[in-house]
Amino acid sequence: MKIHSILVVDDDENDQFICEYTIRKYDPSIRVLKAFDGMEALDMLRQEQTPDAIILDINMPVMNGFEFLDRYAEEFEQHAPVVAMLTSSHLGKDRERAMQYSFVKSYFEKPLQADHLRVMADLLGA
């Protein structure tokens, strides 16, 4: 299935740039939304139509990825079809914790790659 919109949540401008570049190279028609922390992402999701996918970093100021997942689970009845963690964390405990949320479908290590987007598109079609 085709991805129409992705929300990228990451506090690092370089990582945001790499994500947007990779997404545009993969499919220039995908709408890319950006938030620099979990709180900003929640504010956007309250105002925007739910994106097809959310790419979420773990370590961010204001509200980290896990805090975002907790609030997202509590506040929203309808979740993005694919929520993927994209992080530099190699810790198995972070992966296990993230995958405990029913709406988290993938866990990738940075940087974002076209293969990650293909996996996400496949998950949309599942």
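The values are calculated or read from the model by the stated rules, or taken from the named source; none is laboratory data. Since the structure is predicted, the reported quantities are computational estimates derived from the model, not experimental observations. Ideal geometry is used to build each Cβ from the backbone, glycine not excepted, and the neighbour counts take in all protein chains shown. Surface accessibility is based on the protein's heavy atoms, side chains included, excluding ligands, DNA and RNA. Shrake-Rupley method; radii C 1.70, N 1.55, O 1.52, S 1.80 Å.
Here ASP115 and HIS4 are evaluated by their C-beta separation; at R0 = 22 Å the FRET efficiency comes out at 0.65. Could you pull out the GluC sites (Glu not before Pro) across region 1-101 that fall in loop regions by DSSP (anything but H, G, I, E, B) with no more than 14 other Cβ atoms inside 10 Å? Loop-located and lightly packed - GLU48, GLU77. On a per residue basis, the chain carries 53 Å² of accessible surface, using protein heavy atoms and a 1.4 Å probe.
Among the protein heavy atoms of the chain, carbon and sulfur supply 48% of the accessible surface, probe 1.4 Å, non-protein parts ignored. Full extension of the chain segment joining ALA73 with GLN49 gains 7.0 nm, where the gain is 0.36 nm per residue of separation less the Cα-Cα distance.
Listed by chain and number, the aspartates and glutamates whose C-alpha is less than 14 Å from the C-alpha of LYS25, apart from same-chain residues fewer than 8 away, are ASP115. Which of these values of Cα extents along the principal axes in Å was calculated from the structure shown: (i) 31, 31, 29; (ii) 52, 42, 18; (iii) 77, 38, 24? The value computed from this structure is option (i).
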